[in-house]
1. Rounded to a whole number of µm²/s, how large is the Stokes-Einstein D of segment 135-187 at 37 °C and 0.692 mPa s, given Rh as the Kirkwood radius over C-alpha pairs?
2. Could you grab the Rg to Rh ratio for segment 173-222? Cα atoms only, Kirkwood for Rh.
3. Please give, to one decimal in nm, the separation of the simple spin-label points placed at residue 45 and residue 194, each 7 Å out from Cα toward the Cβ.
4. If eta is 1.567 mPa s and T is 4 °C, what Stokes-Einstein diffusion coefficient results for segment 137-222, Kirkwood Rh from Cα pairs, in µm²/s?
């Protein structure tokens, strides 16, 4: 009789353990599903902020663009586990077709030697009367953190916020050390601030395959 009681008791305990395991697995599935759904929603809403920031930039509404980029950066940095790095940047990278890329406006403000916005052009200039046209206007190229810092940095340059722009480009480089555009833009900001790493950054941009870095290197460093 004792053996029978022990057998029944073991069966009861095994059933309880099985139920606990099932409950645990169910809770785990619910939690993982919730995180996945929220992550998708987060990525979509963050991409929208970035695209709206690009659109504001293209219309010359730089202060509005800064606010939108700030919002996008804050959303990513508030979830530390989701901050993209070189290794996991694909997680938040949004693939877009040619039709969905924000169209470049025909009007992009230029800067003069005193950093005032005084006219329009089909391309951006580096901001002084002697520097050449060096790149196409800003366009959407993804919503991972490093690129948002790049967008905000270029917007700060348009506003004449050279030190803030340098810090943004520097952050973009830290987040993605192979980002050629970030080195290129940091070199331009450094040149405006009389910093020493202009030529070094242009060389890094060239090594990473930037198409305009060599011409600027020849002009500033040779």
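Bear in mind these aren't lab numbers, they're just calculated from the coordinates by the rules spelled out. None of the values given here were measured: they were computed from a predicted structure. Using ideal geometry, Cβ is built from the backbone for each residue, glycine included, and neighbour counts are taken over all protein chains shown.
1. Result for D is 308 µm²/s.
2. Using only Cα positions, Rg/Rh for segment 173-222 is 0.93.
3. Using points 7 Å along Cα→Cβ, the separation is 4.6 nm.
4. Here the translational diffusion coefficient equals 103 µm²/s.
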